[in-house]
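Here's the structure, in structure tokens; my notes come after.
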Amino acid sequence: MFQMLSAFFALVALVFARRIKAFVVPAALPSAKASPSPHGVRQHVLAAASVDGIRTRVLQLLEEERQNTPTQPPKKDKRGNQKKKQKRDATGTGENDKAVRGERGKKLLIVGLGNPGPQFAGTRHNAGWIAIDAIAAHWGVTMKSDKNFLGQFGSTSRHGRMVYLLKPTTMMNLSGGAVKKVLDSYGLPSHAVLVLVDELALPLGVLNIKQRTNPGTHNGLRSIKQSLRTDEFSRVALGIGGDRKAKGGTDFVLGKFTRAERDAFDEGLVDLQGVVDDWVAIDNIPEVQKRRQKRRKESAKSVAA
């Protein structure tokens with residue numbers, strides 16, 4: 001409003017200046033017969049410059065007002081909040097789904113927990129390692145030993161994001177140090193992390209997805225929480241089979257999968273691949289859970305048919 005008033009008064013001044021120029025300036029000009037007067041020429045130049053300056057200022061104010069005035073009022077919903085345009089991709093992967101996309105940025109880290117050494121290879125407690133290897137193979141990622149990150153490390157681009165894969169080669173209860181090194185190196189926040197970990201309390205091959213992690217008695221998750229000083233990271237618990245007391249606790253966890261158990265666990269890894277891909281694409285654990293349920297229902301219908 002202030003700029004509009006300024007433009008109006010400037011326009012009035014412009015008209016007034018033009019009238020002055022019409023009546024006063026010609027009198028100051030030298031006649032064709034007389035020799036030019038330096039004083040008269042100077043007055044004419046100053047008057048013309050003044051008029052041009054006012055004209056330029058008026059045009060500037062009008063242009064500023066035009067830019068600051070919306071072409072049409074923004075649309076609002078029933079609550080009076082301004083609506084925002086939502087862009088969804090045609091593939092259905094959620095790559096451009098801003099309605100559910102979070103604010104974690106363009107870099108993510110997926111961590112698979114396990115213990116190093118041949119004595120732990122293929123054990124139930126190394127379910128996180130088995131899972132991260134399966135995801136790396138599915139995405140065509142080569143995992144290489146990286147001393148700086150205290151583990152095996154790989155990277156790829158998925159859904160327009162850079163995704164890092166990490167297998168800490170420290171013992172399970174020291175995994176947090178490796179995770180923190182990657183976060184510090186790439187400037188990642190804790191909520192850009194997804195941890196894949198074994199869970200004794202879940203049936204074999206069953207997944208449990210959570211956005212905020214309660215470490216419970218799992219030493220690997222405890223280590224990550226202590227190193228990052230927060231539990232604001234997501235995790236997928238991988239069921240390794242049943243009740244702790246019935247299965248013998250530590251001895252069962254550190255034991256190796258039987259052939260039948262490994263087949264059942266691998267079926268859960270197929271489900272995991274869809275979960276991880278959705279997590280990378282849409283950054284939203286509740287939405288990931290919904291899409292997983294939808295896939296499972298569709299799969300059940302196809303089997304029944």
Item checked: Matching entry among GLY205, GLY220 (being in contact with a Pro (Cβ under 9 Å, 6 or more places away or on another chain), crowded, with 17+ Cβ neighbours inside 10 Å and in contact (Cβ under 8 Å) with a residue 12 or more places away in the chain) -> GLY220
Notebook entry, point to check: Does ALA260 qualify as being in a strand (DSSP E or B), out of contact with any Cys (no Cβ under 8 Å at 6 or more places or on another chain) and at negative phi?
Noted result: no
Notebook entry, point to check: Within the stretch 170-202, how many residues turn out to be without any contact (Cβ under 8 Å) to a residue 40 or more places away in the chain and over 28 Å from PHE252 (Cα atoms)?
Noted result: 3
Notebook entry, point to check: Take the residues of the stretch 114-153 that are without any contact (Cβ under 8 Å) to a residue 12 or more places away in the chain and in a strand (DSSP E or B): which is farthest from SER175 (Cα to Cα)?
Noted result: LYS144
Notebook entry, point to check: For the stretch 268-305, how many residues meet the condition of being in a helix (DSSP H, G or I) and either in contact with a Phe, Trp or Tyr (Cβ under 7 Å, 6 or more places away or on another chain) or at positive phi (or both)?
Noted result: 1
Notebook entry, point to check: Just checking, how many residues over the stretch 275-305 are within 20 Å of ASP198 (Cα to Cα) and within 19 Å of the chain's Cα centre (by Cα)?
Noted result: 7
Check: Which one is surrounded by the most Cβ atoms within 10 Å (Cβ to Cβ), of the residues in the stretch 131-143 that are within 15 Å of LEU194 (Cα to Cα) and among the β-branched types (Val, Ile, Thr)?
Finding: ILE132
Check: Applying the selection to the stretch 258-288, what residues are under 22 Å from GLY114 (Cβ atoms) and in contact with a Gly (Cβ under 6 Å, 6 or more places away or on another chain)?
Finding: ALA264, PHE265, GLU267, GLY268
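Every read-out reported here was derived from the displayed coordinates using simple, explicitly stated rules and does not represent laboratory data. Bear in mind the structure is a predicted one, so any value in this text is a computation, not a measurement. Cβ atoms come from the backbone with ideal geometry, glycine included; neighbour counts cover every protein chain shown.
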